[in-house]
């Protein structure tokens, strides 16, 4: 008689951690690869931290526009604080093991914070529309309490919407390989290790991204059509340029964010035969490039922030 089939090897979710590979095939140069990651990590903390300090300390920046900018900076800091310690741990210290609960918790914060960023860009577009369309009612419409409620609403929307996907990770069995081909817990990599039907985890994220990130983008586009319509009704060309100039920083950051989203989505949907390093690199670009660029863009394009940065680091007193 034929020998009995070997049973499937299951391992205990709480006992066997996942293993993070880092850059597979480049383990010998992980220490060198860690240098640009550390520089980017420091730059993100320095840039976004500086914005938060400026907005906190300067009462002239206590306006809805800058409150939303502070929310954006806080979101960027939260995302990198969640992701980068694991990345640097793998690259610098060769700490490859991560417990299941820690891995799922990391995914729970990384993914919704990226969607929160999209929501903040949406409310910043609303802020610019109110400022240009009804400037005399700006402060009465966007009161401090309303700004706070909008921020809490964005957080609730995105963290609650991602919850079903993350909870499903706790319910799935994991068998065979426990190797994650990354330096952090990316949801798309984790579900590949399950021994169950993961149709839900393929379909739900597509629906979620469509109803949040891409819907946000459509509303932002529509809001700027209304803004342009309002600006074109202004008689003075100089006033038109001044009104549009207040939107340049926001438009630039929105473009940076959505280009990286579309790049990552395209790679995961259509790049099945691309080299393994391509989707990994694109995921880093998506999660790290916008937080790196946002404070740079706002510092370059917003004169009030430029002046406050000079005062902060030169020790000059503000007039």
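The values are calculated or read from the model by the stated rules, or taken from the named source; none is laboratory data. These figures come from a predicted structure and were not determined experimentally. Note that each Cβ is placed from the backbone with ideal geometry, even for glycine, and that neighbours are counted across all protein chains shown.
Could you tell me which residue of the range 282-308 is surrounded by the fewest Cβ atoms within 10 Å (Cβ to Cβ), considering only residues that are over 30 Å from residue 87 (Cα atoms) and in contact (Cβ under 8 Å) with a residue 12 or more places away in the chain?
The selected residue is 304.
Answer yes or no as to whether residue 50 is part of a helix (DSSP H, G or I), touching a residue at least 24 places away in the same chain (Cβ under 8 Å) and surrounded by fewer than 20 Cβ atoms within 10 Å (Cβ to Cβ).
Against the criterion (part of a helix (DSSP H, G or I), touching a residue at least 24 places away in the same chain (Cβ under 8 Å) and surrounded by fewer than 20 Cβ atoms within 10 Å (Cβ to Cβ)), residue 50 qualifies.
Does residue 30 qualify as being farther than 28 Å from residue 277 by Cβ, surrounded by fewer than 18 Cβ atoms within 10 Å (Cβ to Cβ) and at pLDDT below 95?
Criteria not met by residue 30.
Listed residues 256, 231; which is touching a helix residue (DSSP H, G or I) at 6+ places or on another chain (Cβ under 8 Å) and under 22 Å from residue 119 (Cβ atoms)?
Residue meeting the stated conditions: 256.
Identify, please: which residue in the range 55-72 is modelled with pLDDT of 90 or more and closer than 19 Å to residue 310 by Cβ and is, among those, surrounded by the most Cβ atoms within 10 Å (Cβ to Cβ)?
Ranking the candidates gives 69 first.
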